[in-house]
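All remarks here apply to the structure that follows.
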Amino acid sequence: WGLMRGQRVTYVGAIVAMGLASFCLLASPVIGKVAMDRFLAAEPEAAAGWVDRLADRVAADGASTVELLIYAGLAIVIVTAAAGLFLYLRGRWSALAAEATVRGIRDRLYDHLGHLPCSYHDKADTGDLVQRCTSDVETVRVFLSGQVVEIGRAILLVVAAVPILLSLDGRMTLASFALYPIIITFAVIFFRKVKVLFLKSDEAEGRMTAVLQENLTGIRVVRAFARQDFECDKFGERNEEHRAATYRLIKLLGVYWALSDMLCYLQIGLVLMYGGYLCQIGEISVGTLFAFMAAEGILIWPIRHLGRVLADTGKAVVALGRLKEVLEHPDESQPEAATTPVRLRGELEFDAVTHAYSDDAPNVLNEMSFHVRAGETLALIGPPGCGKSTIVHLLLRLYDPTGGTIRIDGGDVAALPRDFVRGQVGAVLQEPFLYSKTVKANVRIGNDKATDGEIMASTTAACVHEAVEEFEHGYETLVGERGVTLSGGQRQRLSLARALLKDPPILILDDSLSAVDTDTEGKILDTLRGRRGRSTTIVVSHRLSSVVEADQILVMEEGRIVQSGNHRELVGKEGAYKRLWNIQGELEQDIAGSSGATAVRRAQ
């Protein structure tokens, strides 16, 4: 009911149209009953209803029996055509309402998924989320477009039929509904079993979709390691699991349809036998028997169809439950609206910040404290897993620290809206992501109002302009999904270009030069050196050549700061930084020496 907000009137209109169609359909047997009785009976029965009274009026005008039959035939055509019109309106209105409702569900899901915290996506299965947004939404659409109104149809048919049939004969009415309680009870039991089996089938499909999505995303890794056969077997297992779960569901459906058909035909047979007996002993007329048989044919199949309605209802309940799990998960917390500056200065402070990614996980950061003045450059170095990228995630407010305080320009970052904070930060993350769009569209993400000149200036600063110019279509070149048509270095430099285009007060470079050569790295560092003071820059790197000119260098181990200072201070005292500097220096000398020796041998 909540999901149908804004479409409830349309649904009510569809149900009303269904009620009018039911009335017209049930009027047809009554018209046939009167016509048959007047044609077969030597003396017509006394007027017992509005149809009989209308027939009496037509007969009083001098119409013959044949003319009455013609009028009856025309009347049946008219009420049947009217029923068809109302059924069309029912189908049209229910479809319009269902599509509008489902469109709203899709929009809500997409928007909500975009605002869920990263901790949710860390644990969620992407394939399962795709399954919920596609297959589960389609299940709800089928239910809303057809089954909601079908439930109303079955109820309205019974409600409309009972008084009409009672006016014809009470005993036959009881006989006409004798097996309905059994049919409905059977449908309810079936509904409960369908919910369980459909949930298993739906979850199995979600796991199969997850394998498919994962393999399509990592197809190059699969081929590089010749894992096609292994992955095919893995997909085959999930496919078989889905097939088996779906087969159990279909098997249950087959049993239900067979037994419900048997019960429905028994009900029709009961009406025929009991009505034939009453007709034989003269208790009812042939027309009355015809009316009950025709009415039973109209009523029994919607009631029998109630089983399918309940089956789809069971599926919809499961699908709605899975959608509800997503929609009711709390999104990222936002502070109450407060006045925020147009642009931050970029002063940063970590005050005893501690962070763990879950309650049962160890701390990634432990009592981390440091201060960066606006416009300065901070470098973070240390072994993998020491918490460097976690600092970046906390600054972007992708996560909130489990302890301590992060301040920007002296104010607690938790008091600022997440969107505002992220709008003030330009980040080149460790794994750069590019959309399946043109080069220009990917760079313009940094500033969607940027001119072509500004875009080219940013790509030039990121040392990627010349490479883009060499592409077949230049800046209009499609980069493929996740930028797959580009090299790793080109992806990093385009990500850097869009961050520079944003011109943020805080610039984060999370190991963003790892895939570029030394010469290109030097050019990029020269560009960044020319921007000193415009942005507070945080550089995460394993190459010391990228951090030697930083105002402050933090050496991290196991979530703690073990050394801090500038390059000159750190290289002049014993510690992790000096050891790393000596190791990298020796490696560079060895590489240079090997290259020189090779050149000499070639010259000789």
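Looking at the chain, identify the longest residue range that excludes and avoids all trypsin sites (Lys or Arg not before Pro) in DSSP loops having at most 10 other Cβ atoms within 10 Å.
6-448
For the stretch 85-230, with the dipole built from +1 on Lys and Arg beta-carbon atoms and -1 on Asp and Glu ones, taken about the Cα centre, which of VAL102, ILE219, LEU165 lies farthest toward the positive end?
Ranked along the dipole, the leading option is LEU165.
Around GLU557, what is the net charge, scoring Lys/Arg as +1 and Asp/Glu as -1 over all other residues with Cβ under 13 Å from its Cβ?
Surrounding charge for GLU557 is +2.
For the pair ARG373 and ARG529, how long in nm is the line joining their label points, each one 7 Å along Cα→Cβ?
Here the modelled spin labels are 2.1 nm apart.
Name the lysines eligible as straight-distance cross-link partners of LYS578: C-alpha to C-alpha under 20 Å, and not fewer than 8 places from it in the same chain.
Answer for LYS578, where 20 Å is the Cα cut-off: LYS388, listed by chain and number.
Only one of the values [x] 27.3, 100; [y] 37.6, 129; [z] 24.8, 82 was calculated from this structure for Rg and Dmax of the Cα atoms in Å; name its label.
Comparing each candidate, only [y] matches the computed number.
When only C-alpha pairs under 8 Å and at least 6 residues apart count, what is the relative contact order of the chain, in percent?
13 percent
Could you give the size of the charge dipole of the stretch 395-454 about its Cα centre, using +1 on the Cβ of each K and R and -1 on the Cβ of each D and E, expressed in debye and rounded to the nearest 20?
Details: 8 positive and 8 negative charges, 30 e Å.
Using Cβ point charges on Lys, Arg, Asp and Glu, the stretch 395-454 gives about 140 debye.
Take every DSSP beta bridge with both residues inside the chain and express the antiparallel ones as a percent of the total, to the nearest 5.
Counting DSSP beta bridges with both partners in the chain, the antiparallel share is about 50 percent.
Would you pull out the residues with amide H under 5 Å of LEU365's amide H, same chain only if 5 or more places away, H placed 1.01 Å from N?
Here HIS355 satisfy the definition.
What GluC sites (Glu not before Pro) in the stretch 281-337 are in a loop by DSSP, with at most 13 other Cβ atoms within 10 Å of the Cβ?
On the way: sites: GLU283, GLU296, GLU325, GLU328, GLU332, GLU336; in loops: GLU283, GLU328, GLU332, GLU336.
Here the GluC sites (Glu not before Pro) that fit, given the DSSP loop and packing criteria, are GLU283, GLU328, GLU336.
Quick one: helix 65-115 against the long Cα principal axis of the chain, what's the angle to the nearest 10°, folded into 0 to 90?
So the helix axis and the longest Cα principal axis differ by about 20 degrees.
Residue by residue, what Karplus-based ³J(HN,Hα) values in Hz, rounded to whole numbers, does the stretch 382-398 have, using 6.51, -1.76 and 1.60 with θ = phi - 60° and x for Gly and Pro?
x, x, x, x, 7, x, 5, 5, 4, 4, 4, 4, 5, 5, 7, 6, 5
Check which residues have an amide H placed less than 5 Å from THR536's amide H, if you skip close sequence neighbours.
GLY375, ILE506, LEU507
So which GluC sites (Glu not before Pro) in the stretch 531-584 are both in a DSSP loop and have at most 11 other Cβ atoms within 10 Å of their Cβ?
GLU574
Can you give the longest run of the chain that contains no chymotrypsin sites (Phe, Trp or Tyr not before Pro) sitting in a DSSP loop with at most 15 other Cβ atoms inside 10 Å? Numbers along the way, then the final one.
On the way: sites that count: TRP1, PHE225, PHE433, TYR435.
Of all site-free stretches, the longest is 2-224.
Among the listed pairs LYS193/LYS251; LYS123/LYS437; LYS251/LYS324; LYS440/LYS523; LYS123/LYS324, which have their C-alpha atoms separated by more than 19 angstrom in this model?
LYS123/LYS437; LYS251/LYS324; LYS440/LYS523
To the nearest 20 debye, what is the magnitude of the charge dipole of the chain about its Cα centre, counting +1 on the Cβ of each Lys and Arg and -1 on the Cβ of each Asp and Glu?
So the dipole magnitude of the chain works out to roughly 540 debye.
Give me the log10 of I(q) over I(0) for the stretch 420-533 at q = 0.13, 0.14, 0.19, 0.23 Å⁻¹, as the Debye formula computes it from C-alpha points; what are the numbers?
So the normalised log intensities work out to -0.42, -0.50, -0.96, -1.46.
Residue by residue through the stretch 427-442, which ³J(HN,Hα) values in whole Hz follow from phi under the Karplus form 6.51 cos²θ - 1.76 cosθ + 1.60 (θ = phi - 60°), with glycine and proline marked x?
Those phi angles translate into 10, 10, 7, 4, 10, x, 10, 10, 7, 6, 9, 6, 4, 4, 5, 5 Hz.
Nearest 20 debye, what's the magnitude of the dipole of the stretch 371-521 about its Cα centre given +1 on Lys and Arg Cβ and -1 on Asp and Glu Cβ?
That gives a dipole near 580 debye.
Projected onto the charge dipole of the chain (+1 at Lys/Arg Cβ, -1 at Asp/Glu Cβ, origin at the Cα centre), which of MET456, GLY73, THR390 gives the Cα projection farthest towards the positive end?
Farthest along the dipole direction, towards plus: GLY73.
We did not get these values from a lab; they are worked out from the coordinates using the rules stated. All of these numbers come straight from a predicted model, not from anything done at the bench. No Cβ is skipped: glycine too gets one built from the backbone with ideal geometry, and neighbour counts run over all protein chains shown.
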